[in-house]
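Undergrad: This is the structure, below, for whatever I ask next.
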Amino acid sequence: RIIKKKNPCWINYLRHYCGEENSYVQGLFIDECMVSVRKSGGHHPVHSGGYRGALRGRYLYEHGVFRCGQCNVILAISDVGPGDGPTMVIPGSHKANFPHPNAGDYGKLDRMDHLEGAVPVHMKAGDALLFVDGLMHGGSSRTNEDGERRVTIYRYGVSWGATRFGYEYSQALLDRLPPERRKLLQPIAPLRPSA
């Protein structure tokens, strides 16, 4: 789903898809946030997909509700068109129960530029692309010599999740945030033994 500039609020979509909406553990947390800047060259290999995918990125729609493990938002800081190394996705791959016959090897940095079924997602600066992490995705090769591809990537997960790298925000940062934003970074305060 591409969210255009005229509707920049993606938080309600995230609550709906991966925030355990209307459950006793309802809520979100920001799992990761990063910046990607690419000049000529470079790519990100294809990864994820429903076949034997990690529970963390799982897609689930059951009994009328979404229970996705992690959703990503890619925010275009610059226009990303043909030759700019756009994100590529394989529509429907998050529901697959069988391997893609040409998925390649992430460890060998296989490109997805010519992978059967892969579709480039071109974006204008300010557009946001939201998708479940279980969708096969990656970044195509950047072939344009001028300019650069600039995006930010936000990964949201369920409130009871934890970062895969064990990061913890400083108390000074958490103290500066309004309660709603703080809850996105630390939905559940750590329990520590008393001194």
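Undergrad: If a residue has to be more than 12 Å from ASP133 (Cα to Cα) and out of contact with any Asp or Glu (no Cβ under 8 Å at 6 or more places or on another chain) to count, how many in the range 37-55 make the cut?
TA: Number of matching residues: 5.
Undergrad: Do the conditions hold for ILE74, that is, is it surrounded by 14 or more Cβ atoms within 10 Å (Cβ to Cβ), closer than 17 Å to GLU180 by Cβ and either touching a strand residue (DSSP E or B) at 6+ places or on another chain (Cβ under 6 Å) or of a type in the set (A, V, I, L, M, F, W, C) (or both)?
TA: It is false that ILE74 is surrounded by 14 or more Cβ atoms within 10 Å (Cβ to Cβ), closer than 17 Å to GLU180 by Cβ and either touching a strand residue (DSSP E or B) at 6+ places or on another chain (Cβ under 6 Å) or of a type in the set (A, V, I, L, M, F, W, C) (or both).
Undergrad: Restricting to the range 90-125, give me the number of residues that are modelled with pLDDT of 85 or more and of a type in the set (Lys, Arg).
TA: Within the range 90-125, residues that are modelled with pLDDT of 85 or more and of a type in the set (Lys, Arg) number 2.
Undergrad: Within the range 137-195, which residues are in a loop (DSSP other than H, G, I, E, B) and among the aromatic types (Phe, Trp, Tyr)?
TA: TRP160, PHE165, TYR167, TYR169
Undergrad: Let me ask something else. Any residue in the range 82-103 that is surrounded by fewer than 22 Cβ atoms within 10 Å (Cβ to Cβ) sitting within a Cβ distance under 7 Å of a residue that is β-branched (Val, Ile, Thr) and not in a loop (DSSP other than H, G, I, E, B)? List the pairs, counting only those 6 or more apart or interchain.
TA: Every condition considered, the pairs that remain are PRO91/VAL119; ALA103/VAL46.
Undergrad: Can I ask one more? For a quick check of your reading of the model, give me the residue pairs whose first member lies in the range 19-37 and is of a type in the set (S, T, N, Q), whose second is surrounded by 12 or more Cβ atoms within 10 Å (Cβ to Cβ), with beta-carbon atoms closer than 6 Å and at least 6 apart or on different chains.
TA: GLN26/GLU20; SER36/VAL151
Undergrad: State all residues of the range 149-160 that are surrounded by 15 or more Cβ atoms within 10 Å (Cβ to Cβ) and out of contact with any strand residue (DSSP E or B) (no Cβ under 6 Å at 6 or more places or on another chain); if no residue qualifies, say none.
TA: Residue satisfying the conditions is VAL158 alone.
The values are calculated or read from the model by the stated rules, or taken from the named source; none is laboratory data. All figures in this text were calculated on a predicted structure; none of them were measured in a lab. Cβ coordinates were reconstructed from backbone atoms using ideal geometry, including for glycine residues, and neighbour counts include every protein chain displayed.
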